[in-house]
2 protein chains.
Amino acid sequence: MADVSAEAGVSAQTVSRALSQPDLVTPETRARVEQAVRKTGYVRNLAASHLASNRSHTVAAIVPTIASSVFSDTLRAVGDRLAPEGYQMFVGNTDYREGREEELVGHFIQRRPDGFVMVGTSHTRETRRLLEAYGRPVVETWDWDDAPTDLLVGFSNRRALASMVEHLVARGHRRLAFAGVLRPGDERAIRRFEGFRDAVADLLPDEPLRVVDLPDLPVAMDTGVELLRATLQRYPEITALVFPTDVFATAALLAAPGLGIDVPGRLAITGFGDFDLASHVHPGLTTVAIDVDRMGTTAADLLLARMREQQVGETAVDVGYRIEVRDSA
Amino acid sequence: MADVSAEAGVSAQTVSRALSQPDLVTPETRARVEQAVRKTGYVRNLAASHLASNRSHTVAAIVPTIASSVFSDTLRAVGDRLAPEGYQMFVGNTDYREGREEELVGHFIQRRPDGFVMVGTSHTRETRRLLEAYGRPVVETWDWDDAPTDLLVGFSNRRALASMVEHLVARGHRRLAFAGVLRPGDERAIRRFEGFRDAVADLLPDEPLRVVDLPDLPVAMDTGVELLRATLQRYPEITALVFPTDVFATAALLAAPGLGIDVPGRLAITGFGDFDLASHVHPGLTTVAIDVDRMGTTAADLLLARMREQQVGETAVDVGYRIEVRDSA
DNA sequence: ACCGCTCACGTTAGCGCTAACGTGCCGCTC
DNA sequence: GAGCGGCACGTTAGCGCTAACGTGAGCGGT
């Protein structure tokens, strides 16, 4: 920067201003500085900027897995909104392992991000303590809680599944099962199960709770096939099978003909997420659609406002959900 | 850090050593420092560490899109290998737009990452200049080039598609078409097309080159259906259709029955990537499988060695590919 | 007893920026 | 024409670490 300021005949402070707050220098000075930057090949060092200004212009994002379209779409939306404002994003994945989130927060804090983006509202006590002590804005996404850590842009997984059960009951289904992978690292799946459980208890009080949980299997299509098989073996009487993710539901849908199961005639199937694939399988998958782009963009908007110490109107935004009815249910 | 050193009764330098190179202090001192860290709630500031040591312990990764399992699996593999070594990863996506890569490199350099992970070997002149001037290790992935920028862990997209054509020809196919989305931001797709073109010219010299390119459409399943339709309209005589990605191939496979097309009887279909879905559709999709985990892990290994200024044996690693033969072709 | 070496830790300076405040000039008001 | 405020830019100091070098204790060899 000293080279640039010498070349441009101004002080280092003016170079700094010309680069980060161009409005504060005259157009002529700005042009001289820009010319000097080009001539010297200067690339400013944001680590030094961070240290001096106490702003890193980074955001830390923590998701269960980046190798799933649901979260990577969210990250893309957040990143696309933040990048033009000069923020870069760190990404960490918990791999659906309990405790990894706390570890990641611990590591990320060392980089002093200006904000955090988290998936879910359920965190360990220590995670919350760390985030609160850190004192920078946090946006939670992909779920709903009446007492969020800070900002919240999400929807109720519980109500979404309850709505799906309502849809099935309205279509005349009485014997429903839920099949998924439930474990502490994936609270969203647990909320969805709870929504199923409560809606069944509410709408079909005479029916037993039918659940198949294979907590040791990965979130992959093979597991969906296995869940379909296990559920029909355990509850052959069911007419509808509710999955907490399209990953399982589409796999089950694709495997059904081979197992001699007519969908939706013999068995109705529902998913969650409205993946690209959901509208391409036959029959089309009835599923829960989330406006992921809006969720990501809104989360980034709230974070930006907080990071700039602007007033934030609503600190909790419900982006809702939509039951996307296709032929599978 | 001053608080910690006062609390532990040692100098700040010793606190620094206890945290970053624990072997250099006695076990007793280390314990006292750790105790003091806990008591004070100290979280070290890696921006300051970066500034003082000229090592950021970050790696910048640039991919076409993070919302695709191919690249997010790679990122996950790279990230999982680097995280335990204390490296965090910045991710940027070019959205398959030409020129975005150069822009991203320009931004990332300001953060002084210790290394770069790139997808592809083809970059603008300015991108290469920036990376070379920056002088830190760069790993290119997902393609092959005899004169890489620095390190290379990939495979030949061109040869992979040529192998697929060989497979089809060996099965008796003569009239083949290639259908995809070819544009400057996606060099991998172009290499795959070239592999198809050259293999057809080589093995089927009497056949014309049959290509359908819809460069303005997104890489999504809808486009796959559209490509299938357009290709059969233009080249009704074909018996095999080669796609440069499983996204298109699986969509075409799922749409075929509805269009009255029997796969593989009337038309053989092949993809690229061996997505989870490829083995779940019926018929199973014949496709090109890449060992993405190995590619990511090896890329991270080479990068780590270079970042630590260790000797790197092979600077170019070919992870190869495998034609995964299923029933679609 | 002296030397030289190693080890554990301390001291000094500086990494490359920007916050905060200082300075000088210009134009406006009364 | 004195006074005042705003603007553009400069000066000073310091953000929180670590590289490089310094120091002193302990130990073995001669």
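Summarise the accessible area of the stretch B:2-44 (1.4 Å probe, protein heavy atoms) by the percent that is carbon and sulfur.
47
Considering chain A as a Gaussian network with a 10 Å cut-off on Cα pairs, which listed residue, A:162, A:199, A:36, attains the greatest mean-square fluctuation?
Evaluated over chain A, the most mobile residue of the options is A:36.
Assign one of three labels to the stretch A:208-249, namely rounded, prolate or oblate, based on the Cα gyration tensor with a ≥ b ≥ c the square roots of its eigenvalues; rounded applies when a/c is under 1.5, prolate when it is not and a/b is larger than b/c, and oblate otherwise.
Since a/c reaches 1.5 and a/b is larger than b/c, the shape of the stretch A:208-249 is classed as prolate.
What number comes out for accessible area per residue over the protein assembly as shown if the probe is 1.4 Å? Units Å², please.
41
Need the full-extension length gain, residue B:166 to residue B:100, defined as separation in residues times 0.36 nm minus the C-alpha distance. One decimal, nm.
Gain on stretching residue B:166 to residue B:100: 20.2 nm.
With a ≥ b ≥ c taken as the square roots of the eigenvalues of the C-alpha gyration tensor of the stretch A:1-50, please select rounded if a/c is under 1.5 and otherwise prolate if a/b is larger than b/c or oblate if it is not?
In terms of gyration-tensor shape, oblate.
Would you work out which of B:200, B:137, B:238 lies farthest towards the positive end of the dipole of chain B, given +1 charges on the beta-carbon of Lys and Arg and -1 on that of Asp and Glu, about the Cα centre?
B:137
Per the helix-only calculation at 222 nm, which mean residue ellipticity applies to chain A, given -39500 (n - 2.57) for every DSSP H run of n ≥ 4 and division by its residues, nearest 500 deg cm²/dmol?
That comes out to -13500 deg cm²/dmol.
Using protein heavy atoms only (no ligands, DNA or RNA), what is the total accessible area buried between A and B, 1.4 Å probe, nearest 100 Å²?
In total, this chain pair buries about 3800 Å².
When the solvent-accessible surface of protein heavy atoms is calculated with a 1.4 angstrom probe, in what order do B:193, B:248 fall, highest first?
Listed by decreasing accessible area, they come as B:193, B:248.
Put +1 on the Cβ of every Lys and Arg and -1 on every Asp and Glu Cβ in the protein assembly as shown; which of B:58, A:285, A:64 then has its Cα farthest towards the positive end of the dipole?
Result: B:58.
For labels at residue B:122 and residue A:11 in the simple 7 Å Cα→Cβ model, what's the distance in nm?
So the label points at residue B:122 and residue A:11 sit 5.0 nm apart.
Which semi-axes, in whole Å and largest first, does the equivalent ellipsoid of the stretch B:157-289 have when worked out from the alpha carbon gyration tensor as the square roots of 5 times its eigenvalues?
For the stretch B:157-289, the semi-axes come out at 19, 17, 15 Å.
Ranked highest first by average number of other Cβ atoms within 10 Å, how do B:143-152, B:101-110 line up?
Ranking the peptides B:143-152, B:101-110 by packing returns B:101-110, B:143-152.
Can you figure out the FRET efficiency of residue B:282 with residue A:291, using R₀ = 30 Å and their beta-carbon distance, to the nearest 0.05?
Once rounded, the FRET efficiency stands at 0.40.
Treating the angle as unsigned and between 0 and 90°, give the value, to the nearest 10°, between the Cα long axis of helix A:187-203 and the longest Cα principal axis of chain A.
Roughly 40 degrees, rounded to the nearest 10.
Roughly how crowded by other chains is peptide A:244-250, in terms of the mean Cβ count from those chains within 10 Å of each of its Cβ atoms?
Partner-chain Cβ atoms within 10 Å, mean over residues of A:244-250: 1.
Could you sort the residues of the stretch A:11-49 by number and keep only those whose accessible area is reduced by 10 Å² or more in the all-protein-chain setting relative to the chain alone, 1.4 Å probe?
Output list: A:43, A:44, A:45, A:46, A:47, A:48.
Assign one of three labels to the protein assembly as shown, namely rounded, prolate or oblate, based on the Cα gyration tensor with a ≥ b ≥ c the square roots of its eigenvalues; rounded applies when a/c is under 1.5, prolate when it is not and a/b is larger than b/c, and oblate otherwise.
Oblate.
In what sequence, largest accessible area first, do A:50, B:282 appear using a 1.4 Å probe?
B:282, A:50
Please list, ordered by chain and number, the residues whose modelled amide H lies under 5 Å from the amide H of residue B:90; skip anything fewer than 5 residues away on the same chain.
Residues meeting the criterion, in which the H sits 1.01 Å from N, are B:59, B:60, B:61.
Give the average, rounded to an integer, of partner chain Cβ atoms located within 10 angstrom of each Cβ in A:253-260.
Mean inter-chain Cβ contacts per residue within 10 Å come to 1.
When you count, for each residue, the other Cβ atoms within 10 Å and take the mean per peptide, how do A:261-267, A:71-77, A:205-211, A:225-231 rank with the highest first?
A:71-77, A:225-231, A:261-267, A:205-211
In peptide A:64-70, how many Cβ atoms from other protein chains are near each Cβ within 10 Å, on average?
Going residue by residue through A:64-70 and averaging, the value is 5.
Efficiency by 1/(1 + (r/R0)^6): what FRET value for residue A:146 and residue B:206, r their Cβ-Cβ distance, R0 = 56 Å, to the nearest 0.05?
Calculated value: 0.20.
Rounded to the nearest 20 Debye, what is the dipole magnitude of the protein assembly as shown about its Cα centre when Lys and Arg each give +1 and Asp and Glu each give -1 at the C-beta?
Dipole of the protein assembly as shown, to the nearest 20 debye: 840 debye.
For chain B, take the longest principal axis of its alpha carbons; what is the angle in degrees between that and the long axis of helix B:221-234, to the nearest 10 within 0 to 90?
The angle comes out at about 30 degrees.
If I model a spin label at residue B:318 and residue A:28 as a point 7 Å from the Cα along the Cα→Cβ vector, what separation in nanometres do I get?
Inter-label distance under the simple model: 6.2 nm.
What angle, in degrees between 0 and 90 and rounded to the nearest 10, separates the Cα long axis of helix B:69-82 from the longest principal axis of the Cα atoms of chain B?
Result, in degrees: 20.
The values are calculated or read from the model by the stated rules, or taken from the named source; none is laboratory data. It should be emphasised that the depicted structure is a prediction, and the values quoted were computed from it without experimental measurement. Using ideal geometry, Cβ is built from the backbone for each residue, glycine included, and neighbour counts are taken over all protein chains shown. Protein only, heavy atoms only, side chains kept; ligands, DNA and RNA dropped before computing areas. Shrake-Rupley method; radii C 1.70, N 1.55, O 1.52, S 1.80 Å.
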